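Asks: Have a look at this one before I ask anything.
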Amino acid sequence: MNKLTEALFNHQLPADLAASQQLNRQLLELVAQLEQRIAELEDTAGSGSSSRNSSKPPSQDSPEQRAKREKKPKSTRKQGAQPGHQGHQRIRVELSATDEQVHYYPDTQCTC
């Protein structure tokens with residue numbers, strides 16, 4: 001906080017007309033400076049904000065910003081299990097080692 005606003009918050013108002021006019025000029029200059037600063041901040045914040053430098057989701061990026069995105073390099077590996085991968089499956093049990101065998105059939109038959 002600068003000296004001018006500090007004096008105003010402490011209720012130290014000028015006593016004569018000349019001092020009041022001087023204070024008014026200072027306040028108008030301060031308002032003009034703050035308006036200019038706000039305009040600069042709005043320009044820098046609005047134009048360059050994307051999902052990479054703000055909390056916006058990627059779906060709100062402009063088409064230009066999407067075109068500038070770095071593309072992931074294509075993988076050289078095939079989809080699925082890679083050679084040498086040990087599978088994960090249940091061990092098949094012989095029918096003689098089971099207690100009972102239950103067959104499940106659908107209640108209705110499809111006409112297709």
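Quick grid of which residues meet (1) in a loop (DSSP other than H, G, I, E, B); (2) surrounded by 10 or more Cβ atoms within 10 Å (Cβ to Cβ); (3) charged (D, E, K, R); (4) modelled with pLDDT under 90:
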site: Glu29; (1), (2), (3), (4): no, yes, yes, no
site: Ile38; (1), (2), (3), (4): no, yes, no, no
site: Asn53; (1), (2), (3), (4): yes, no, no, yes
site: Pro73; (1), (2), (3), (4): yes, no, no, no
site: Val93; (1), (2), (3), (4): yes, no, no, yes
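Asks: Quick check on Thr108: is it more than 30 Å from Lys3 (Cβ to Cβ), over 39 Å from the mean Cα position of the chain (by Cα) and open to solvent by less than 70 Å² (accessible area, probe 1.4 Å)?
Replies: It is false that Thr108 is more than 30 Å from Lys3 (Cβ to Cβ), over 39 Å from the mean Cα position of the chain (by Cα) and open to solvent by less than 70 Å² (accessible area, probe 1.4 Å).
Asks: Related question: Residue under question is Gln86, and the condition is that it be in a helix (DSSP H, G or I) and over 35 Å from the mean Cα position of the chain (by Cα); does it hold?
Replies: No, not satisfied.
Asks: Contact list please: Cβ distance under 8 Å, first residue in region 21-40 and within 16 Å of Glu6 (Cα to Cα), second residue part of a helix (DSSP H, G or I), pairs at least six apart or on different chains.
Replies: Leu23/Leu4; Gln26/Leu4; Leu27/Leu4; Leu30/Leu4; Leu30/Thr5
The values are calculated or read from the model by the stated rules, or taken from the named source; none is laboratory data. The shown structure was predicted, so the numbers you read here are calculated from the model rather than taken from an experiment. Glycine gets a Cβ as well: all are built from the backbone with ideal geometry, and neighbour counts include every protein chain shown. Side chains included, ligands, DNA and RNA excluded: accessible areas come from the protein's heavy atoms. Shrake-Rupley method; radii C 1.70, N 1.55, O 1.52, S 1.80 Å.
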